[in-house]
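Student: Take a look at the following structure, please.
Derivation of every value follows stated rules applied to the coordinates shown; laboratory data play no part. Please read these numbers as outputs of a predicted model, since none were measured by experiment. Here Cβ is always computed from backbone atoms with ideal geometry, including for glycine, and neighbour counts include all displayed protein chains.
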Amino acid sequence: MMPSIMRKMAGRYHQLEKRERSALKLLIAVFTCLFLYFAIWNPAGQYHEASEAELERQLSLLQYMRASEKEARASSKGTKQVPTGQSLLTAVSRAAQQAGIKPNRLQPEGSGAVSVWFDTVAFDDLMRMLSKMQSQRGIVVQQISIDREEQPGMVRARIVLRS
């Protein structure tokens, strides 16, 4: 079937005048170029541009990570875990005592967590204690609830700490 269609088209082509054949050849060449451009060249160019943008983004991220590598390594070495043999409860109690604040209640919360209640404590002292526990002992705040007291700078707090 295909050869008969081709024969018919070839017959019609040969019936055209010389100028019409030249115009048809030019039209076919233009459509071929447009097809190649829109089907192959343009998508390939867009893919190339997207790839270059992704490469730039990845290189930027790599430079940032290399620049902050020393700081990250230093901060990971700076946190110390609670020494073996010293419970988290004892460590929290000792940190509060060193900060000059007294918790109203300490309660273990499963393995590796402690709940601490403060009825009236200076907000600044509490934050200093929490910061010091994190940087020196690796004890982090898992959950915190702070309510303001009538006296300025004083708060009521419940904190869950985890080693």
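Student: Consider the candidate values (i) -0.47, -0.53, -0.74; (ii) -0.63, -0.70, -0.85; (iii) -0.33, -0.40, -0.65; state which one is log10 I(q)/I(0) by the Debye sum over Cα atoms at q = 0.10, 0.11, 0.14 Å⁻¹ computed from the structure displayed.
Tutor: Looking at log10 I(q)/I(0) by the Debye sum over Cα atoms at q = 0.10, 0.11, 0.14 Å⁻¹ for this model, the match is (ii).
Student: Taking N as the number of residues in segment 89-153, what is its Cα Rg relative to 2.2 N^0.38 Å?
Tutor: Values: Rg = 11.6 Å, N = 65, 2.2 N^0.38 = 10.7 Å.
Ratio of Cα Rg to 2.2 N^0.38 Å: 1.08.
Student: With a cut-off of 8 Å between alpha carbons and a minimum separation of six or more residues, what is the relative contact order of the chain in percent? All intermediate terms of the calculation are to be shown ahead of the outcome.
Tutor: Details: 155 pairs, mean separation 28.5, N = 163.
Computed over the chain, the figure is 18 percent.
Student: Another question about this same structure. Measure off 7 Å from each Cα along the Cα-to-Cβ vector at Arg158 and Leu26, then give the distance between these two points in nanometres to one decimal.
Tutor: About 8.7 nm, to one decimal.
Student: If I fit a long axis through the Cα atoms of helix 88-99 and take the longest principal axis of the Cα atoms of the chain, what angle between them do I get, 0 to 90°, rounded to 10?
Tutor: 70
Student: If you count, for each residue, the other Cβ atoms within 10 Å and average over each peptide, how do 137-146, 116-125 line up from highest to lowest?
Tutor: Details: 137-146: 14.9, 116-125: 17.1.
Per-residue mean Cβ counts within 10 Å order the peptides as 116-125, 137-146.
Student: Given the options Ala44, Ala122, Met2, identify the residue whose Cα lies farthest towards the positive end of the charge dipole of the chain (+1 on Cβ of Lys, Arg; -1 on Cβ of Asp, Glu).
Tutor: The listed residue farthest towards the positive side: Met2.
Student: Assuming 0.36 nm per residue, please report the length gained on full extension of the stretch Asp124 to Ala50 beyond their Cα-Cα distance.
Tutor: Working: separation 74, 0.36 × 74 = 26.64 nm, distance 5.00 nm.
Taking 0.36 nm per residue and subtracting the Cα distance, the gain is 21.6 nm.
Student: Local charge sum around Leu24 (other residues, Cβ-Cβ under 12 Å, Lys/Arg +1, Asp/Glu -1)? Walk me through the intermediate numbers first.
Tutor: Numbers: positive: Arg12, Lys18, Arg19, Arg21, Lys25; negative: Glu17, Glu20.
Net of charged neighbours comes to +3.
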